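The structure appears right after this line, and notes come after that.
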Amino acid sequence: MRSASALIWSVLFVAAAPLAADPAADAAAIRALQAAWNQAVEAGSIEGYLAVLDTDVELLPTDAPPIRGRDHYGQFLGPVFEQDRFEIEVVDPGTVEVDGDLAYARYDYIIHRMPKGSDKRISSLRKFLDVLRRQDDGSWRVLKHIWNYNEPDVTP
């Protein structure tokens, strides 16, 4: 009787335990998020951009104070997309590491910024590091976003 009880409890414990994460599937989902994010930037879509962010996101821009929260981030993006168009050139897709409900993405892009109404094109190589958080529905969103430049005296 005791072994049957132990077996029942074991089965219940295993059935109640969360499913093991699939790191390859998580990494693929994060890569898809990055692609959607890049498309939103190139389209100048604030809505698309905000869709990849956690509600508690923190932007840590170069030479500027942090921006906390998705709503504040959206306010920051308004003037950015009104003034400029962007193209993203992936230099190094980098790495994605998943650790439970957090993941880390490190990558290098050249960001081409074109002021609207101008033929000017300003390009800069940027190094990025994002911390992503798994959402309740299993999807991933960016929790922390930071970048810096390889070249001195870059005009962002």
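The values are calculated or read from the model by the stated rules, or taken from the named source; none is laboratory data. Keep in mind it's a predicted model, so treat the numbers as computed, not measured. Every residue, glycine as well, gets a Cβ built from its backbone with ideal geometry; the counts of neighbours run over all protein chains shown.
Scanning region 1-55 for residues that are among the aliphatic types (A, V, I, L, M), surrounded by 10 or more Cβ atoms within 10 Å (Cβ to Cβ) and modelled with pLDDT under 75 returns A6, L7, I8, V11, L12, A21.
Among the residues of region 56-68, is any in a strand (DSSP E or B) and surrounded by fewer than 14 Cβ atoms within 10 Å (Cβ to Cβ)? Yes, that holds for at least one residue.
Among the residues of region 134-152, those identified as touching a strand residue (DSSP E or B) at 6+ places or on another chain (Cβ under 9 Å), surrounded by fewer than 16 Cβ atoms within 10 Å (Cβ to Cβ) and either among the hydroxyl-bearing types (S, T, Y) or not in a loop (DSSP other than H, G, I, E, B) (or both) are I146, N148. Taken over region 69-81, the residue count meeting the criterion of being in contact (Cβ under 8 Å) with a residue 12 or more places away in the chain and out of contact with any Leu (no Cβ under 8 Å at 6 or more places or on another chain) is 3. Counting the residues of region 97-133 that are buried (at least 16 other Cβ atoms within 10 Å of the Cβ) and among the polar types (S, T, N, Q) gives 1. Restricting attention to region 63-97, the residues being of a type in the set (A, V, I, L, M), over 18 Å from A40 (Cα atoms) and in contact with a Phe, Trp or Tyr (Cβ under 8 Å, 6 or more places away or on another chain) number 3.
Okay, residues lined up against (1) within 14 Å of the chain's Cα centre (by Cα); (2) of a type outside the set (D, E); (3) over 20 Å from L143 (Cβ atoms):
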| residue | (1), (2), (3) |
| --- | --- |
| G48 | yes, yes, no |
| E58 | yes, no, no |
| H72 | no, yes, no |
| F81 | no, yes, yes |
| E89 | no, no, yes |
| I111 | no, yes, yes |
| S118 | no, yes, yes |
| S123 | no, yes, yes |
| L129 | yes, yes, no |
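Residues in region 125-140 that are of a type outside the set (G, A, S) and more than 20 Å from V90 (Cα to Cα): R133, R134, Q135, D136, D137, W140.
Within region 87-101, residues that are at positive phi and without any contact (Cβ under 8 Å) to a residue 40 or more places away in the chain reach partners that are among the aromatic types (F, W, Y) and part of a strand (DSSP E or B) with beta carbons closer than 9 Å, at six or more positions or on different chains, in the pairs G94/Y107; G94/F128. Scanning region 76-108 for residues that are farther than 19 Å from D26 by Cα and of a type in the set (K, R) gives a single hit, R85.
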